[in-house]
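Data first, discussion second: the structure below is written as structure tokens.
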Amino acid sequence: MNNTVVLLIGRILLTPIFFVGGYNKLMNVAGTTGYFGKLGLPVPEVLTWLVIAVELGGALLIVIGWKTRWVAWGLAVFTLLTALIGHKFWVDPGQTVHFLKNIAIVGGFLMLAVAGPGRISADRS
């Protein structure tokens, strides 16, 4: 299998968690807003919509391969912040696997940011 196809498959495999997470938040805006409020996040009403946009929009842009390097950097930072804010394993050891999953996803986005999307993409790089 050539690198172009592998990059496409990698981009696709990085996104389902963001599509599902964004969709679930969209279907339960009130619950998401309440959860963000319990985490002590500022303006949870606004943050909810921002997170939904980042998850759904970012995942879509990664799949189609448009502005991939920039989006990958952004989603790497977003995912790292999500790990640090939402999966505090040092407070709740039950969050360890979730935290590590996020760190692994950050690694995938960092590799994508450096490698680029490949030729099967809107960026064609």
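The values are calculated or read from the model by the stated rules, or taken from the named source; none is laboratory data. All of these numbers come straight from a predicted model, not from anything done at the bench. Because the Cβ atoms are built from the backbone with ideal geometry, glycine has one as well, and the counts that use them run over all protein chains shown.
Could you say which residue among F78, F99 is in contact with a His (Cβ under 7 Å, 6 or more places away or on another chain), assigned to a helix (DSSP H, G or I) and among the hydrophobic types (A, V, I, L, M, F, W, C)? Testing whether each residue is in contact with a His (Cβ under 7 Å, 6 or more places away or on another chain), assigned to a helix (DSSP H, G or I) and among the hydrophobic types (A, V, I, L, M, F, W, C) leaves just F99.
Assess whether F36 counts as being part of a helix (DSSP H, G or I), touching a Pro at 6+ places or on another chain (Cβ under 7 Å), of a type in the set (F, W, Y) and modelled with pLDDT of 95 or more. Don't jump to the end; show me each part of the working.
Details: part of a helix (DSSP H, G or I): yes; touching a Pro at 6+ places or on another chain (Cβ under 7 Å): yes; of a type in the set (F, W, Y): yes; modelled with pLDDT of 95 or more: yes.
Here the answer is yes, as F36 does meet what is asked.
Once the range 39-51 is narrowed to residues that are in contact with a helix residue (DSSP H, G or I) (Cβ under 9 Å, 6 or more places away or on another chain) and part of a helix (DSSP H, G or I), the residue that is surrounded by the fewest Cβ atoms within 10 Å (Cβ to Cβ) is E45. In a residue-by-residue description of the range 38-51, the property of being farther than 30 Å from N2 by Cβ, in contact with a Gly (Cβ under 8 Å, 6 or more places away or on another chain) and aliphatic (A, V, I, L, M) applies to at least one position.
Determine which member of the set I85, I17, I62 is closer than 23 Å to L100 by Cα, of a type in the set (V, I, T) and touching an Asp or Glu at 6+ places or on another chain (Cβ under 9 Å). Before the answer, list the steps.
Details: I85 fails: touching an Asp or Glu at 6+ places or on another chain (Cβ under 9 Å); I62 fails: touching an Asp or Glu at 6+ places or on another chain (Cβ under 9 Å).
Just one listed residue meets the conditions, I17.
Would you be able to say whether some residue in the range 80-91 is surrounded by 15 or more Cβ atoms within 10 Å (Cβ to Cβ) and under 22 Å from P117 (Cβ atoms)? Yes, the range 80-91 contains at least one residue that is surrounded by 15 or more Cβ atoms within 10 Å (Cβ to Cβ) and under 22 Å from P117 (Cβ atoms). As a summary of the residue check, V5 satisfies the conditions (1) touching a Ser or Thr at 6+ places or on another chain (Cβ under 9 Å); (2) over 27 Å from K88 (Cα atoms); (3) β-branched (V, I, T) except for the one numbered (1).
Under 9 Å between Cβ atoms, which residue pairs at least 6 apart in sequence (or on different chains) link something in the range 85-111 that is among the polar types (S, T, N, Q) with a partner that is assigned to a loop (DSSP other than H, G, I, E, B)? Short answer, once both residue conditions are applied: Q95/H87; Q95/K88; Q95/F89; T96/H87; T96/F89; N102/H87.
For every residue, the table says whether it meets (1) among the aromatic types (F, W, Y); (2) touching a Leu at 6+ places or on another chain (Cβ under 8 Å).
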residue: W70; (1), (2): yes, no
residue: L81; (1), (2): no, no
residue: I85; (1), (2): no, yes
residue: P93; (1), (2): no, no
residue: I103; (1), (2): no, yes
residue: L110; (1), (2): no, no
residue: A113; (1), (2): no, no
residue: G118; (1), (2): no, yes
